[in-house]
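Enquirer: Following this message is one structure expressed as structure tokens.
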Amino acid sequence: MTPIKNLFVILFLFYSICSFSQIKIITTLVDTTITEKTNPQLTNGIITTKPDTISYWKHKNIVGLDISEIAFVNWSAGGTSAITGLVRGEFKYDYKDDLQVWSNELFFRYGLNKQEGIELRKTDDVFKINSTYGLRTSPNSNWYHSAKFNFNTQFTDGYKYPNIEDPISKPFAPAYIFLGIGSEYIYKPENFNLYLSPLTLKSTLVLDQTLANSGAYGVEPAVYDANKNLISEGSKSKTELGILITSYIEKEIFTNIILKNRLNLYTDYLHNFGNIDVDWQCFSYLKVNQYVKANVGFNLVYDEDIDVITEKNGVKYNEGAKVQLKQVLGVGVEYIF
């Protein structure tokens, strides 16, 4: 066979193989296109593998730092230089499947203020843990049978300034624990939760003996004789059983402005039933950009076990329980991960 014939045969065989291969490839693509309707692991002729398990957990973590400062140098109108800093954090881990939800939250806030000529003072101090488990009987229902746990205390000692010798509060003095069962309504499209519990155990801890002896935060005070000799120490805890109602809503009310409203109501069955303890927190968050945020809001508290103590001319007066109000306005940086 001549070289030209040999070359012709080789080219013919090569063309035949390529044509046959092209037909097979086209056939394979058509087949996979048809079968991917019944097998979602095939996409565009490429086999993809699904994970063995599906994660039902979601999390959102936020840490932020707010700072405000004012300074005067030879300012004719007068004034006091001051700087205030606040560190805050919010950590959420949630589990949800067709029938179960488990929401876990941790919050903290700690703020300090320094004014010219005045010692460093605390402006905010909060540490909270919330955990709620819910179980529903139907995937179409918004109502859950729920159990709730709340814990609330602070990081450092608190004072009635300018008195920094006698703390009026300490870590775990007080600390509040709520544990109860009830029903919870969850409406995800509006980020709305309503929890109703007819049986909630409330424990107030005052683990500092000096504060416990004074009967702070509603615990039984110490007993003294006529000569003010100590007969028995004050109780470090108080337990109540009552009704707890909580609600929470988070909604974007305007573009880049998010409102978070949380309300807790509690009344004890045995001690002044109908006298309601209130903890109402309402904050608006303005998003400037990815990292810069502004927030404004308030925290209103009323608890019949918390007395307001005033001091005049060195004499202390107990004015009983009063409405407590804390207002917050801050601008700072925030990181979400």
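The values are calculated or read from the model by the stated rules, or taken from the named source; none is laboratory data. Here the structure is a predicted model, which is why all the values come from computation and not from measurement. With ideal geometry, Cβ positions are generated from the backbone for all residues, glycine too; neighbour counts draw on all protein chains shown. Ligands, DNA and RNA are excluded from the accessible area calculation, which covers all protein heavy atoms including side chains. Shrake-Rupley method; radii C 1.70, N 1.55, O 1.52, S 1.80 Å.
Enquirer: With a probe of 1.4 Å, find how much accessible area the stretch 239-337 has per residue, and write the answer as a whole number in Å².
Expert: For the stretch 239-337, the solvent-accessible area averages 61 Å² per residue.
Enquirer: Related question: Mind checking the stretch 122-164 for trypsin sites (Lys or Arg not before Pro) that DSSP puts in a loop (not H, G, I, E or B) and that have at most 11 other Cβ atoms within 10 Å?
Expert: In loop regions of the stretch 122-164 (DSSP not H, G, I, E or B), there are no sparsely surrounded trypsin sites (Lys or Arg not before Pro).
Enquirer: Using packing as a proxy for protection, rank 279-287, 74-82 so that the peptide with the highest average count of other Cβ atoms within 10 Å comes first.
Expert: 279-287, 74-82
Enquirer: Here's a follow-up. Using a 1.4 Å probe on the protein heavy atoms, what percent of the accessible area of the stretch 57-107 belongs to carbon and sulfur?
Expert: Using a 1.4 Å probe with all protein chains present, the stretch 57-107 comes out at 62 percent carbon and sulfur.
Enquirer: Quick one: Karplus J couplings for the stretch 234-242, per residue in order, coefficients 6.51, -1.76, 1.60, θ = phi - 60°, nearest Hz, x for Gly and Pro?
Expert: Per residue, the Karplus-derived 3J(HN,Hα) values read x, 6, 9, 8, 9, 10, 10, 10, x Hz.
Enquirer: Also, quick follow-up: With a sphere of radius 13 Å drawn around the Cβ of Gly234, what net charge do the other residues whose Cβ falls strictly inside it have (Lys, Arg +1; Asp, Glu -1)?
Expert: Computed value for this residue: -1.
Enquirer: Moving on. Under 24 Å between alpha carbons, and skipping anything fewer than 8 positions from Lys122 in its own chain: which lysines qualify?
Expert: Lys114, Lys160, Lys170, Lys293, Lys312, Lys316, Lys322, Lys326
Enquirer: Report the percentage of all Cα-Cα pairs in the stretch 136-215 whose separation exceeds 18 Å, rounded to a whole percent. Please report the intermediate quantities before stating the final value.
Expert: Values: 1865 of 3160 pairs.
Counting every Cα pair in the stretch 136-215, those more than 18 Å apart make up 59 percent.
Enquirer: For Lys92, list the aspartates and glutamates whose Cα falls under 12 Å from its own Cα; do not include residues on the same chain fewer than 8 positions away.
Expert: Glu105
Enquirer: Can you send over the carbon and sulfur percentage of the accessible area for the stretch 291-337, probe radius 1.4 Å, protein chains only?
Expert: Carbon plus sulfur share of accessible area: 59 percent.
Enquirer: Over the stretch 228-337, what per residue volume does the convex hull of the Cα atoms give, in whole Å³? Write out the running numbers ahead of the final one.
Expert: On the way: hull volume 22.5 nm³, N = 110.
That works out to 205 Å³ per residue.
Enquirer: Whose amide H sits under 5 Å from the amide H of Lys170, counting only residues 5 or more places off or on another chain, with H placed in the peptide plane?
Expert: Amide H to amide H, under 5 Å and 5 or more residues apart or across chains, Lys170 pairs with Gly158.
Enquirer: Averaged across orientations, what area in nm² does the convex hull of the alpha carbons in the stretch 182-285 project?
Expert: Result: a mean projected hull area of 9.3 nm².
Enquirer: So the label point goes 7 Å from the Cα of Glu220 along Cα→C-beta, right? Which residues of the stretch 244-286 then have their backbone N under 18 Å from it?
Expert: Residues passing the 18 Å test: 270-272.
Enquirer: Starting from the Cα of Ile231, step 7 Å along the direction of its Cβ; do the same at Lys251; then give the gap between the two resulting points in nm.
Expert: In this crude spin-label approximation the distance works out to 5.6 nm.
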